[in-house]
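As structure tokens, the structure follows; a few thoughts come after it.
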């Protein structure tokens, strides 16, 4: 499968609140919640003068009280954009590994104390925000973003000691399930609970037509990389961000 296809799915599955298409570049806005939803994605052929275009994008993001942030994948247009941004003073941050997995050989979950809902609800939102330390002002933005996803969704909660200790989201499109917001309570880590939740989510994905999975993990997150490798994921490409102003929400 063309890796650009995975990038297309990832754009579909983590929806911003609004977008602006500018000469082949997709500008995304979500009140500052996550860089993925508040960055410029230069994914299509560009025709405008590059320096003028960069300057115009900076004005747009500044007017929206956001740092100008570019998501740099192997598919950016023009190909020399990353070098141009570096020469213009943009910092490189958050190198990320995009990984895929074929689902035919995954293990059955040993722990099945999970609930999977196909629409976001207040219980999942509150558990996720608690475990992932989401700021109160971002809760509504998170719910609006996740409600914007137009393909099949699975909001999973894993119970242990009679409470939710891990949460996640799976989104299915064209035989792929993308994993997002995989998080385990800090007091319950290193017990294999995150792995069990993922296996349950992948099983649900298979039951709903998925044959493959993909995810993105920050390249310096060693515990997560170890977990995904154990399940069977392998890297297909990397991306990173170029940021004009490093003050941004992660």
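The values are calculated or read from the model by the stated rules, or taken from the named source; none is laboratory data. This one's a predicted model, so the numbers in the text were calculated from it and none came from an experiment. Neighbour counts run over all protein chains shown; Cβ positions are idealised from the backbone, glycine included.
Considering the conditions (1) touching a residue at least 40 places away in the same chain (Cβ under 8 Å); (2) part of a helix (DSSP H, G or I); (3) under 19 Å from residue 158 (Cβ atoms), residue 181 is excluded by exactly one of them, (2).
In the set 117, 173, 143, only one residue is over 17 Å from residue 14 (Cα atoms) and either in contact with a helix residue (DSSP H, G or I) (Cβ under 6 Å, 6 or more places away or on another chain) or modelled with pLDDT of 95 or more (or both); that residue is 117.
Restricting to region 13-25, name every residue that is part of a loop (DSSP other than H, G, I, E, B) and under 17 Å from the mean Cα position of the chain (by Cα). 14, 15, 16, 17, listed by residue number.
The set of residues from region 31-52 being surrounded by fewer than 17 Cβ atoms within 10 Å (Cβ to Cβ) and not in a loop (DSSP other than H, G, I, E, B) comprises 50, 51, 52. Looking only at residues in region 209-225 that are farther than 16 Å from residue 94 by Cβ and at pLDDT 95 or above, which one is surrounded by the most Cβ atoms within 10 Å (Cβ to Cβ)? It comes out as 213.
Quick check on residue 28: is it surrounded by 15 or more Cβ atoms within 10 Å (Cβ to Cβ), outside the structural domain of residue 152 (by TED's automatic domain parsing) and part of a loop (DSSP other than H, G, I, E, B)? Give the derivation first.
On the way: surrounded by 15 or more Cβ atoms within 10 Å (Cβ to Cβ): yes; outside the structural domain of residue 152 (by TED's automatic domain parsing): yes; part of a loop (DSSP other than H, G, I, E, B): no.
It is false that residue 28 is surrounded by 15 or more Cβ atoms within 10 Å (Cβ to Cβ), outside the structural domain of residue 152 (by TED's automatic domain parsing) and part of a loop (DSSP other than H, G, I, E, B).
Considering region 193-208 alone, what residues qualify as being more than 20 Å from the chain's Cα centre (by Cα) and free of Cβ contacts under 8 Å to residues at least 40 places away in the same chain? Answer for region 193-208, where residues must be more than 20 Å from the chain's Cα centre (by Cα) and free of Cβ contacts under 8 Å to residues at least 40 places away in the same chain: just 207. Per the listing 132, 64, the residue uniquely in contact with a strand residue (DSSP E or B) (Cβ under 8 Å, 6 or more places away or on another chain), within 30 Å of residue 187 (Cβ to Cβ) and in contact (Cβ under 8 Å) with a residue 24 or more places away in the chain is 132.
Scanning region 73-120 for residues that are in the same structural domain as residue 211 (by TED's automatic domain parsing) and in a loop (DSSP other than H, G, I, E, B) yields 106, 107, 108, 109, 110, 111, 112, 113, 118, 119, 120.
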